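Participant: Got a structure for you, written out below as structure tokens; questions coming shortly.
The values are calculated or read from the model by the stated rules, or taken from the named source; none is laboratory data. All values reported here derive from a predicted model rather than from experimental measurement. Don't worry about glycine lacking a Cβ; one is built from the backbone with ideal geometry, like all the others, and counts go over all protein chains shown. Please note that ligands, DNA and RNA were not included when accessible areas were found on the heavy atoms of the full protein model with its side chains. Shrake-Rupley method; radii C 1.70, N 1.55, O 1.52, S 1.80 Å.
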Amino acid sequence: MTNLSPAEIAGYLRQLGEGALVTLELFLTSFAAAFVLGVLIGVVTLSKSRIIRAAWRVYASIFMGVPSLLVIFLIYYGGSAMLSAVLGELGAGVDISPFGAGVAAFAAVYAAYIAELVRGAIDNLPKGQFEGARALAIPPLVMWGKVILPQAMRLALPGLVNVWSFMLKETPLVSLAGLQDLVASAKIAAGATKEPFLFFIATALVFIAFSALTLRLATMLEIRLDRGVRRSDSRASAGAQA
């Protein structure tokens, strides 16, 4: 049993709620940035250019091999100096917040994983998809946006769900740079009340709820992306039985 009054518990839970919103904002912003960057990198690195392929190998080796926490610290503590060195006076007054450092770090790290997923998915598409689009004189942007990438997303979806889950579980790392997110709020509440079990269990339940919602949304998206494929498979099965 806790010695806290209902008013005190409500106040700390409100604080956890505000931290949860910060965590959710950080996660969604980071994943959106990583997804866009990863898709662009994945498409560009399909080029046969040796320079592009070499640059991709260096990028992937760095961001797949360095821990996310270290990247967060490098951007948070050294980002301003790097901007000043690159932009001169324009970057001298830029102050990188913990939130900005977290978004930049997660976007850079997880874009490498998403790019690898996209590359693999596109490589597994039938070559006839490209040939057919070119034969119909479909513009390149339309071909990628309407023909290639939607099919690639269907193949890459399981891996993207894994990336989504891993990133969600890594968002508390940004609290070590000073962000007042869900975990930081729980730590403050636990220290002030000497009730760590109560607040850390509440935090765990929030992450479990986020994960459960993720699985539900992933299932709905998979059904939507597989609609045409499933119809084709069912028709093929019916034809074989006939």
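Participant: Can we say M153 is in contact with a Phe, Trp or Tyr (Cβ under 8 Å, 6 or more places away or on another chain) and on the phi < 0 side of the Ramachandran plot?
Facilitator: Taking the combined requirement at face value, the residue does not satisfy it.
Participant: Another question about this same structure. With respect to F200, is the statement that it is open to solvent by 40 Å² or more (accessible area, probe 1.4 Å) and within 17 Å of L4 (Cα to Cα) true?
Facilitator: Yes.
Participant: So, in the stretch 1-44, of the ones that are more than 17 Å from the chain's Cα centre (by Cα) and charged (D, E, K, R), which residue ends up nearest to A111 (Cα to Cα)?
Facilitator: E18
Participant: Give me the pairs, please: first residue somewhere in the stretch 188-203 and among the hydroxyl-bearing types (S, T, Y), second residue anywhere and surrounded by 18 or more Cβ atoms within 10 Å (Cβ to Cβ), beta-carbon distance under 6 Å, and either six or more positions apart or on two chains.
Facilitator: T203/L182; T203/A186
Participant: Among the helices (runs of 4 or more DSSP H) contained in the stretch 55-168, which hold 1 or more residues that are open to solvent by 20 Å² or more (accessible area, probe 1.4 Å) and closer than 20 Å to F35 by Cβ?
Facilitator: 68-87, 98-123
Participant: For the stretch 79-119, give me each residue that is at pLDDT 75 or above and over 28 Å from G42 (Cβ atoms).
Facilitator: Within the stretch 79-119, A81, D95, S97, P98 qualify.
Participant: Something else about it: Starting from residues that are among the β-branched types (V, I, T) and surrounded by fewer than 20 Cβ atoms within 10 Å (Cβ to Cβ), keep the ones in the stretch 23-54 and report whichever is nearest to K194 (Cα to Cα). Steps first, answer last, please.
Facilitator: At the first step, the residues of the stretch 23-54 found to be among the β-branched types (V, I, T) are 23, 29, 36, 39, 41, 43-45, 51-52.
Right, trim to surrounded by fewer than 20 Cβ atoms within 10 Å (Cβ to Cβ) and you get 29, 36, 43-45, 51-52.
Numbers: T29: 33, V36: 43, V43: 52, V44: 53, T45: 52, I51: 57, I52: 54 Å.
The qualifying residue nearest to K194 (Cα to Cα) is T29.
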